[in-house]
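Quick notes on the structure that follows.
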Amino acid sequence: MNTSLNTAAISLPAPAPLLSRTGWTAFLAALIVVCALAPVLNLLVPASSMFHLSDYGVGLIGRIMCYAICALAMDLIWGFTGILSLGHGLFFALGGYAMGMYLMRQIGTDGNYKSNLPDFMVFLDWKTLPWHWALSDSFIATLFLIIAVPGVVAFVFGYFAFRSRIKGVYFSIITQAMTFAAMLLFFRNETGFGGNNGFTDFKRILNIPIATPSMRMTLFVLTGLTLLGFFLLARWLISAKFGRVLQAVRDAETRVMFSGYNPLGYKLTIWTISAMMCGVAGALYVPQVGIINPSEMSPANSIEIAIWAAVGGRATLVGPILGAFIVSGAKSWLTVAYPEFWLYFLGLLFIGVTLFLPDGVVGLLKKLKGGSK
Amino acid sequence: MTPELLEEGARRAEKHRATLTAQGGRTESGGREAGFSRLHTPGEVDITHGRILYLEDVSVSFDGFKAINKLSLDIAPGELRCIIGPNGAGKTTMMDIITGKTRPDEGQVFFGSTIDLLRYKESEIAQMGIGRKFQKPTVFEQLSVFENLELALKTNKAVTASMFFRLDSAQSDRLLEVLHTINLGDSLSRLAGNLSHGQKQWLEIGMLLMQDPKLLLLDEPVAGMTDEETERTAELFLTLKGKHSLMVVEHDMSFINTISDIVTVLCDGSVLAQGTLAQVQADERVIEVYLGR
């Protein structure tokens, strides 16, 4: 047939590599900074040197890296699949609480009441551990719960929401209501999560004291590695055909259905993966800040995750990570320097990004790079 | 079924077999006559009774408005059927019912003789081999032409299969062939959102071809196309006829004149007239609904 002659001239694009050459270079650089540079600057360089990385700095960057994981997770579900969740703070908090329960049990009898039970239970005059604390003694079980609890909650919620074809702003509102309801539930003392004080005063993790410089650095490195690992996972998901189906769901869901794909499975998979990533971020966050309480589930926290993604640039993966660093960095500086202006700044930032940077910081950088050529 | 319907079905099946043999193709039974006792394979379209699509007494109403009213219609294998009708006649609603988007209040919809379409979801119906083109061209605007076609490709469409999917060489050839057919070979890596309206229509038709459907439902496929593009579309449809069955909803009468055998006129949710284009154009009732009194 003559068609074969003509088609031979066209070559199909090869499957995209996981990262470009520059991408891998930047990835390796980030890996070196997290695993080598930061520990050396913090632990070995003396405090008097200008190159010393302060403990405050380690804590701050460690925390922001947890936020960046959440922003990355948000990008998968919002940027690529077009489903705006305003309840991701819940999954973050669930992972945090799972870790917090383990850390509470690790206090042992060193609490104020010298009891085997966590202090708040003694205060409430409870004699035995509630059933849902059964696995909190085991670190392995805790690791499992950190992923499983947010995963199961997200799966069940997502199954019913996506099966009922709830979309757009309705879905966002329901997720917001979900995290708010969970917050009210966790505020109550009788649910056994420490009420409005939550969990704090942690002493040890794996029987090693938690408040030492080396433990702080270990958690920092672990968080950095998790962030980088999740980034690669997200890249892999997005560069597979799976990722293109997600974008297709975002752009024209009916066409996806009439092309023979059932969007339910796709949405549910990415939604659950995204929630699990947030759970892991929460679990890494809690030992670093030393506290978890229901305010982590407040609607404002979830909205902030969406802001990180929007500021950095949706559907870019790198963008939301940058966004988390930019916004949280600005927050930690402004709330110290000009505490009363932080909320105005956040509002202005959101308006500014929506009006002038629809593709976020990454979009701006791309435009500048394109313009200079 | 009445004896006339049975006989008509037998005639159609015979005609379909004759076309396929004339085109050098082979029927599913390898060119042999159909036996009277056949094993029924679930999920396989049974066209031995001469019908690939069969609607009987289908009705659906939205808030009291009868969009489809006792509609009965059938399509023979390999047929190219044109559907015309004034606005609000129920053409798009009928396609919604066939593809599972809308559930009828009553009636039966069969794909072949054995598959009850009312039991399946949109995605399952698409996988069985019914492809649909929308009135407004619907492509994945943020993906390239290549990626659009790749997504439509007939393959395992489960989540895990998509995670590990690699295009094999047979599939690449198929993709290139379709790309050539729809004349978008040099726009391979352009974003679908940047294509012209007519090119988007072609891309959507290409996506249908990638699905390799047995029945194609095309809602206004040449709307917004230039005369030349329309002509090429007509040629394409005529080559598809025979191997595939097509149902084309169109308003462009010259286009219909080029491609049609039988034209069905829908009005107020049921069939008003059916026949060749000349026949229906001469029909008093058709003139009345189109021109009014």
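Summary table
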read-out: Inverse mean reciprocal Cα-Cα distance (Kirkwood Rh) of the stretch A:131-197, Å; value: 14.0
read-out: Spin-label pair B:ASP105/B:ASN156, simplified geometry with 7 Å Cα→Cβ offset, distance in nm; value: 4.4
read-out: Volume in Å³ per residue [convex hull over Cα atoms, computed for the stretch A:7-146]; value: 227
read-out: Rg and Dmax of chain B, Cα atoms only, in Å; value: 19.4, 62
read-out: Extension gain from A:LEU368 to A:VAL33, taking 0.36 nm per residue of separation minus the Cα-Cα distance; value: 117.9 nm
read-out: Projected area, mean over directions - chain A, Cα convex hull, nm²; value: 23.9
read-out: Cβ-derived FRET efficiency at R0 35 Å, A:THR254 paired with A:LEU355, nearest 0.05; value: 0.70
read-out: Karplus (6.51, -1.76, 1.60) ³J(HN,Hα), θ = phi - 60°, over the stretch A:132-137, in Hz, Gly and Pro reported as x; value: 6, 9, 4, 8, 6, 6
read-out: Distance-filtered residues of the stretch A:245-282 - backbone nitrogen under 15 Å, label point 7 angstrom along A:TYR159 Cα→Cβ; value: A:264-273
read-out: Estimated FRET transfer efficiency when R0 is 22 angstrom, pair B:HIS197-B:SER254 (beta carbons, to 0.05); value: 0.70
read-out: Pairwise FRET efficiency - A:TYR170 versus A:THR218, Cβ, R0 = 60 Å, nearest 0.05; value: 0.90
read-out: Tilt relative to chain A, helix A:360-372 - C-alpha long axis, 0 to 90 degrees, to 10; value: 40
read-out: Estimated translational D of the stretch A:254-373 in µm²/s (Stokes, Kirkwood radius over Cα pairs; 25 °C; 0.890 mPa s); value: 146
read-out: Isotropically averaged projected area of the stretch A:70-218, using the convex hull of Cα atoms (one quarter of hull area), nm²; value: 10.1
read-out: Length released on extending from A:TRP236 to A:VAL122, taking residue separation times 0.36 nm less the Cα-Cα span; value: 36.2 nm
read-out: Nearest-20 debye value, the stretch B:49-102 charge dipole, Cβ charges on Lys, Arg, Asp, Glu; value: 80
read-out: Chain B: most fluctuating residue of B:VAL222, B:VAL45, B:VAL159 per GNM, C-alpha cutoff 10 Å; value: B:VAL159
read-out: Per-residue mean of C-beta atoms belonging to partner chains within 10 Å, peptide B:93-100; value: 1
read-out: Estimated Rh, the protein assembly as shown: Kirkwood, alpha-carbon pairs, angstrom; value: 28.8
read-out: Over 24 Å (Cα to Cα) - which of A:LYS366/B:LYS133; A:LYS241/B:LYS133; B:LYS70/B:LYS136; A:LYS167/B:LYS157 fall in this group; value: A:LYS366/B:LYS133; B:LYS70/B:LYS136
read-out: In nm, spacing of pseudo-spin labels at A:ASN207 and A:ALA26 (7 Å Cα→C-beta vector); value: 4.4
read-out: Those aspartates and glutamates that a straight Cα-Cα span of less than 19 Å connects to B:LYS15, excepting residues fewer than 8 apart in one chain; value: B:GLU4, B:GLU7, B:GLU28, B:GLU33, B:ASP46, B:ASP74, B:GLU79, B:ASP261
read-out: Residue of B:GLN23, B:GLN211, B:GLN108 that the Gaussian network model of chain B assigns the largest fluctuation, springs spanning Cα pairs under 10 Å; value: B:GLN23
read-out: Kirkwood Rh, angstrom, the stretch B:175-267 [1 / mean 1/r, Cα pairs]; value: 13.9
read-out: Label-zone membership for the stretch A:243-280, site A:ALA181, 7 angstrom Cα→C-beta point, backbone N under 15 Å; value: none
read-out: Contour minus Cα-Cα distance for A:SER115 and A:VAL152 (0.36 nm per residue); value: 10.0 nm
read-out: Spatially proximal aspartates and glutamates relative to A:LYS331 (Cα-Cα < 14 Å; intrachain offsets below 8 disregarded); value: A:GLU304, A:GLU340
read-out: Table column - 3J(HN,Hα) (Hz), the stretch A:339-344, Karplus curve with 6.51, -1.76, 1.60, x for Gly and Pro; value: x, 6, 9, 4, 5, 5
read-out: Average beta carbon contacts from partner chains per residue of B:112-125, 10 Å cutoff; value: 2
read-out: Distance (nanometres) between label positions extended 7 Å along Cα→Cβ at B:GLU235 and B:GLU4; value: 4.1
read-out: Solution diffusion estimate, µm²/s, Stokes-Einstein, the stretch B:95-189, Kirkwood Rh from C-alpha pairs, 10 °C, viscosity 1.306 mPa s; value: 102
read-out: Descending principal axes extents, the stretch A:305-355, alpha-carbon based, whole Å; value: 33, 21, 12
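Rule-based calculations on the coordinates, nothing more; no lab input. Because the structure is a prediction, the values reported are computed rather than measured. FYI the Cβ positions are ideal-geometry reconstructions off the backbone, even for glycines, and counts take in every protein chain you see.
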